[in-house]
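The values are calculated or read from the model by the stated rules, or taken from the named source; none is laboratory data. Because the structure is predicted, anything quoted here is derived from the model rather than measured. FYI the Cβ positions are ideal-geometry reconstructions off the backbone, even for glycines, and counts take in every protein chain you see. Each accessible area value is taken on the protein alone, full model and side chains, heavy atoms only, with ligands, DNA and RNA left out. Shrake-Rupley method; radii C 1.70, N 1.55, O 1.52, S 1.80 Å.
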Amino acid sequence: MAKNYIVAINAAIDANYTYSFPEPIGLGTAVFVPLRNTRRAKGVIISDEAPALDDKIKIKSIIEANPDRPVLPIRIIKWAKWLSDYYQYPLGLVLESCFAPLKPATKTRKTHKNDIVPSVEKMALPDLTGEQKQCLSGISQNPHFNVHLLFGVTGSGKTEVYLRLLEQSLSQGKTAIVIVPEISLTPQIVKRFSERFPDEVALIHSHLTPREKTNQWWLAVNGKKKILIGARSALFCPVESIGLIIVDEEHEASFKQDEKLKYNGRDAAIMLAKLHNCPIVLGSATPSIESWNNAKTGRYKLHEMTKRVENRSLPNVHIVDLKDEESKDKKKQCTEVDLPFWLSFELYEAIQKTLIKKEQVALFLNRRGMAQTTLCSDCGFVYECPNCSISLTLHASNQLHCHYCDYGISLKTQCPSCFEPSIKPIGIGTEQVQNDMHTLFPEANIERADRDEITTREDLEKLIENMEEGRTDILVGTQMIAKGLDFPKLTLVGLVLADVGMNMPDFRSSERSFQLITQVSGRSGRHSELPGDVFIQTYNPDHLSIEYAKKANYVDFANTELEFRSDAQYPPFSKLVCFKITGLFESKVKDTARILADRAHLLKQKFEIYNKIQVLGPSPAPILRIKGKYRYMLLIKATDFKVVSPLAKQLLGSKKWIPAQTKVQIDVDPLNML
Ligand code: ADP
Ligand code: ZN
């Protein structure tokens, strides 16, 4: 007799449908089903206990099982259900991400470059430091689910702790997953893992071709490779028996996916570990305030490493106050060269000394291009993007670019508004820093690391090799060089303008600044007996994130920040859900936002459990328009975490009320509210 099954379908629909099939078919099987006008929609069996339906309803039949896809393990289905429910995204679409992009390869493939590792004779492992030993034994004591926060200063040897944990996991025959932010999936980190475990590492990241990704995916799924390293999407690889999950740089905002399923990779990893009842390690030199709070309240187990390995010291941090008259005077008195406006005499002198010692310099600025914007000094005209509410960035050869939609035009010195020849560049970007360095240090080899210059993995590999071999003297870069990198001869780090990002309209801006400054500083002097140096140029030397970064005092910073969050009832003391309303016509977007807010107020009045939620907005997003679409936001803040999910569901309801040509998206635990 035919049996009924519930199938989650790969389509933007909120419900899962019942289908029948004459033969028994297992939970997690990938199938083809008819859906409206689609004859063969992809789906996954999520229940084989579908309730009998009314005889009048005609149940369609499953067409067949998909022969190219493995049966999904029950745990990954549970995990996908959690993701779908928590982030409010159709289950069928979540499950689709659990499969490889292509069919399995039929021929035995050639080895991909990433996984060729020369079989190293047995490597001599470093003796662990006392702190490393303590953390290792603390974490490996209990094989069951626990969230471990490994809080270790930059260069304290966190990666070595991961490697030892992986060794233990391998000896138990289990698979381990290591998640790192895409941007720090540098060849350096990958090399450290694959050198230690030749033949054991599968690697998944966005620079792979679909074929390469498919191959790596199968190696992990078949258990041929027991260590899976990747960006957040690697979590979706349906591996059966996971014994350990590691999330490196757990504080990174880039773990959060900004579109479609707006999940946070770290939080999703914790849920996956819970379902596998295995330990998870969150590592960072600057843990997120949320994780820090969880460690303080005992929900996470805290493991600390306060010193760099081999008694190497943390760098000396020097703050250069760009407003300071004394500092300006020093610059004026420097007659041998003309210093560019963004460079203090103090930093210039430090660069000079470092180059004389044949050591390396890294200059960090989180802004690409020549200048941030251009301005007519006569009438105030600013070149803006026609599609986005953002000014255009000036790049080399007088090209103006929008960093949001890629719109570009050439700059004319004559102002298009008042016709005076008075258009001037304003601000500073990495290209200009590089040019100025060339002028000041014509003998030095200067390289730039930003998204304009480094577009492929090969570019990045070359750049890193040049640094490692000492061919580069000065490296200028954006956040691309902030983390993960480890260069023995790099002893001076300069933050060209630490204020970038400090005053973003976001309650996390101090946290982000502190993290970034600490991470960038952490690149300096990682291998020298003598401490490296860090120069932070800023207009806000008294800013909390600078003061605490100078003292390398994460704990005091985090505790101060927690007080602020508690007073203002921001996360982790409340939960946020951001509704993002977008569309081509501002009036419609605004109306939709208004209706949504009214619905929220109504629900709040009607149901006692929602009494205490706060409805903030609606308001135009800080960047009102991106790629031609207007953007409004409505924020819900709740101190009672349990009400968030039902409220969000009820608020959206059937979605039938949403006017045509506008879109409402839910972002649970939002990180980006610009
Ligand atoms: P983190 O990840 O905490 O920034 P790393 O793991 O990259 O630190 O370690 C910093 C450097 O110290 C690396 O070059 C690493 O190989 C080395 N290292 C790590 N542990 C030890 C140890 N116990 N003894 C000697 N060197 C070590
Ligand atoms: Zn644009």
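Along its principal axes, segment 233-355 has C-alpha extents of 67, 40, 30 angstrom, given from the largest down. Per residue, the average separation of C-alpha pairs within less than 8 Å and at least 6 apart gives segment 14-103 a relative contact order of 33 percent. Modelled label positions at T335 and D640, each set 7 Å beyond Cα in the direction of Cβ, lie 7.5 nm from each other. For K629, the lysines whose Cα falls under 23 Å of its own Cα, not counting residues fewer than eight places away in the same chain, are K256, K260, K262, K580, K588, K590, K655, K656, K663.
DSSP loop GluC sites (Glu not before Pro) in segment 425-459 with at most 10 other Cβ atoms within 10 Å of their Cβ, which ones?
Values: sites: E431, E443, E447, E453, E458; in loops: E443, E453.
Sites meeting the loop and neighbour criteria: E443.
As a length-normalised measure over Cα pairs under 8 Å and 6 or more apart, the relative contact order of the chain settles at 12 percent.
For C405 and L102, what does the FRET efficiency come to when R0 = 30 Å and r is the distance between their Cβ atoms, rounded to the nearest 0.05? Can you show the working numbers first?
Values: r = 30 Å, r/R0 = 1.01.
Between C405 and L102 the formula returns 0.50.
Taking only the C-alpha atoms of the chain, the Rg (one decimal) and the largest Cα-Cα distance, Dmax (whole number), read 27.0, 93 Å.
Cys residues of the chain that find no other Cys beta carbon under 4.7 Å: C98, C135, C237, C278, C334, C405, C578. The modelled label-to-label distance for the pair K606/S417, using points 7 Å beyond Cα in the direction of Cβ, is 4.8 nm. With a Förster radius of 51 Å applied to the C-beta separation of D48 and D499, the computed FRET efficiency comes to 0.30. Using every pair of distinct Cα positions in segment 387-440, the Kirkwood expression returns a hydrodynamic radius of 12.6 angstrom.
Considering only DSSP beta bridges whose two residues both sit in the chain, what percent are antiparallel, to the nearest 5? Roughly 50 percent of the DSSP beta bridges within the chain come out antiparallel. Using a probe of 1.4 angstrom and keeping all protein chains present, the accessible surface of the chain works out to 46 square angstrom per residue.
Give me the percent of the accessible area of the chain that comes from carbon and sulfur atoms, probe 1.4 Å, all protein chains in place. Answer for the chain: carbon and sulfur cover 51 percent of the accessible area.
Dipole size in debye (nearest 20) for the chain around its Cα centre, Lys and Arg Cβ +1, Asp and Glu Cβ -1? List each step's numbers first, then the result.
Values: 87 positive and 79 negative charges, 606 e Å.
Dipole magnitude for the chain comes out near 2900 debye.
Estimated from the Cβ-Cβ distance and a Förster radius of 25 angstrom, the FRET efficiency linking E468 and K353 is about 0.65. Applying a threshold of 30 Å to the alpha-carbon distances of K489/K551; K357/K483; K358/K462; K103/K642; K78/K226 flags K103/K642 as lying beyond it. When the Cα gyration tensor is reduced to axis lengths a ≥ b ≥ c, the ratio a/c is 1.5 or higher for segment 366-458, and with a/b not above b/c it is classed as oblate. Remark: the Cα gyration tensor places segment 201-280 in the oblate category, a/c being 1.5 or greater and a/b not exceeding b/c. With a simple spin-label model that places each label point 7 Å from the Cα along the Cα-to-Cβ direction, the separation between A15 and T456 comes to 5.0 nm. By the scheme Lys and Arg +1, Asp and Glu -1, what is the net charge of all other residues having a beta-carbon under 15 Å from that of E469? Charge balance in the 15 Å sphere: -2. Per-residue SASA remark: M271, around 40 Å² accessible (1.4 Å probe; ligands, DNA and RNA not included). Applying a DSSP loop filter and a limit of 10 other Cβ atoms within 10 Å to the GluC sites (Glu not before Pro) in segment 339-385 leaves nothing. In this view, the solvent-accessible surface of H303, computed with a 1.4 Å probe and all protein chains in place, comes to about 20 Å².
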